Amino acid sequence: MSSPTLFFLCFFITLCFTDGVQLKIVNNCKDTIWPGILATTGHETPNQGGFRLYTSEQVSIDVPEKWSGRIWARQGCCFDQNSGKGHCESGDCGGFVQCNGKGGNPPTTLVEMTFGTCKSDLHYYDVSLVDGFNVPVAMTPEGGEGCDMVSCEKDLNVFCPSNLVVKKDGKVVACKSACMAARSDRYCCTGEFANPQICKPSIFGHLFKAMCPKAYSYAFDDSSALKTCKASRYVITFCPFK
């Protein structure tokens, strides 16, 4: 699941590329992470969808204008050096280093982006907690005017309510969203609740919003979470503050 407005925009995108956009992915976490990438249907996924990123390491990826997709972090991964098979404590995408078209298993903190459509040059981007949280992240535009950062900079695992906690070997590795925990239309804004006038944030959504005001806290959080810009580069920093 992700923010419905962004998916609505992605649905109408075709491959009408012009100039490119650079994504700089930075690991500021104290441990190694394995970023996962999933392009929207009709777009090519760079780096075969996943790679390893040591602490303090960064990598730059060039994508075409009009590209659309999502990026998340996998943590606590162990992969076989030869086959690439393994597993991750959070954000796993089918048990391989390279996700190859598979999304991350929630809960994951998602960075979502659509770099223009064939009808508009504007870039749309957000950080979403609709699928829950696993790692703090910030996305900062560079080379644009009047562009805002989106982020969830606090470690929500520390504040996660006990009924939303995901643990591995006794350690909290992720925090479920209310939708994931309850699996009901009311909390997922689906079915009869698929309307922004009807579906409102839960108490947990309010908690997420208080901790991370620049991120989607629930499905219809467009007004404060979805940003627009026209930049040449975006820096995606995991664990922006150690």
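The values are calculated or read from the model by the stated rules, or taken from the named source; none is laboratory data. Quick caveat, the model's predicted, so the values are computed rather than measured. Using ideal geometry, Cβ is built from the backbone for each residue, glycine included, and neighbour counts are taken over all protein chains shown. Each accessible area value is taken on the protein alone, full model and side chains, heavy atoms only, with ligands, DNA and RNA left out. Shrake-Rupley method; radii C 1.70, N 1.55, O 1.52, S 1.80 Å.
Residue 135's amide H: which non-local residues (gap 5+, or another chain) put their own amide H closer than 5 Å, with H modeled 1.01 Å from N in plane and none for Pro or chain starts?
109
Mind scanning 66/167; 30/200; 171/209; 167/230 and naming the pairs with a C-alpha gap bigger than 32 Å?
In this structure, 66/167; 30/200; 167/230 exceed 32 Å between Cα atoms.
Starting at the first residue of region 129-139, write each ³J(HN,Hα) from the Karplus equation 6.51 cos²θ - 1.76 cosθ + 1.60 with θ = phi - 60°, in whole Hz, x for Gly and Pro.
Per-residue couplings from phi come out as 10, 4, 8, x, 9, 9, 9, x, 7, 9, 10 Hz.
Computing the accessible area with a 1.4 Å probe over protein heavy atoms, can you report the carbon and sulfur percentage for the chain?
Carbon plus sulfur share of accessible area: 51 percent.
I want the local charge near residue 99. Using Cβ-Cβ distances under 12 Å, sum +1 for each Lys or Arg and -1 for each Asp or Glu among the other residues.
+2
How large is the direction-averaged shadow of the alpha-carbon convex hull of region 23-146, in nm²?
It is 8.0 nm².
Taking H as built 1.01 Å from N, whose amide H comes closer than 5 Å to the amide H of residue 118, not counting residues under 5 places away?
For residue 118, the qualifying residues are 14.
For region 77-169, go through all pairs of different Cα atoms, get the mean of 1/r, take its inverse, and jot down that Kirkwood value in Å.
Across region 77-169, the inverse of the average 1/r is 15.6 Å.
Over the residues of the chain, compute the C-alpha Rg and express it relative to 2.2 N^0.38 Å.
That works out to 0.95 for the chain.
Given 0.36 nm per residue, what is the gain on full extension from residue 194 to residue 87 after removing their alpha carbon distance, in nm?
Contour length minus the Cα-Cα distance gives 35.1 nm.
At a temperature of 20 °C and a viscosity of 1.002 mPa s, determine how fast region 183-242 diffuses translationally according to Stokes-Einstein, using the Kirkwood radius over alpha-carbon pairs as Rh; express D in µm²/s, rounded to the nearest whole number.
Answer, rounded: 160 µm²/s.
Largest first and to the nearest Å, give the Cα extent of region 28-95 along each principal axis.
For region 28-95, the Cα spread along each principal axis is 33, 26, 21 Å.
Need one number: % antiparallel among DSSP beta bridges in the chain, to the nearest 5.
Taking every DSSP beta bridge with both residues in the chain, the antiparallel ones total about 85 percent.
Could you pull out every residue, at least 5 positions away or on a different chain, whose amide H is within less than 5 Å of the one on residue 32? Hs are placed 1.01 Å off N in the peptide plane, and Pro or chain starts have none.
55
For region 207-222, take each phi angle, set θ = phi - 60°, evaluate the Karplus expression 6.51 cos²θ - 1.76 cosθ + 1.60, and give the result in whole Hz per residue in order, putting x for glycine and proline.
Each residue's phi maps through the Karplus curve to give 5, 4, 5, 5, 7, 9, x, 9, 10, 5, 9, 7, 4, 9, 8, 4 Hz.
Of all trypsin sites (Lys or Arg not before Pro) in region 95-193, which ones are in loop regions per DSSP and have a Cβ with at most 11 other Cβ atoms within 10 Å?
Here the trypsin sites (Lys or Arg not before Pro) that fit, given the DSSP loop and packing criteria, are 119, 183.
Take the Cα pairs of region 151-205, get the Kirkwood Rh, then feed it into Stokes-Einstein at 10 °C and 1.306 mPa s and tell me D in µm²/s.
128 µm²/s
For region 104-230, what is the per residue volume of the convex hull drawn over the alpha-carbon atoms, in cubic angstrom?
124 Å³
Compare the Cα positions of 136, 104, 45 along the charge dipole of region 15-163 (+1 at Cβ of Lys, Arg; -1 at Cβ of Asp, Glu; about the Cα centre) and return the one farthest towards the positive end.
104
Mind checking the per residue accessible area of region 67-128 for me, 1.4 Å probe, whole number of Å²?
I get 38 Å² per residue for this part.
From the phi angles alone, apply the Karplus equation (6.51, -1.76, 1.60; θ = phi - 60°) to region 150-162 and give each ³J(HN,Hα) in whole Hz, x where the residue is Gly or Pro.
Listing the rounded values in order: 10, 5, 9, 8, 8, 7, 5, 4, 5, 9, 5, x, 4 Hz.
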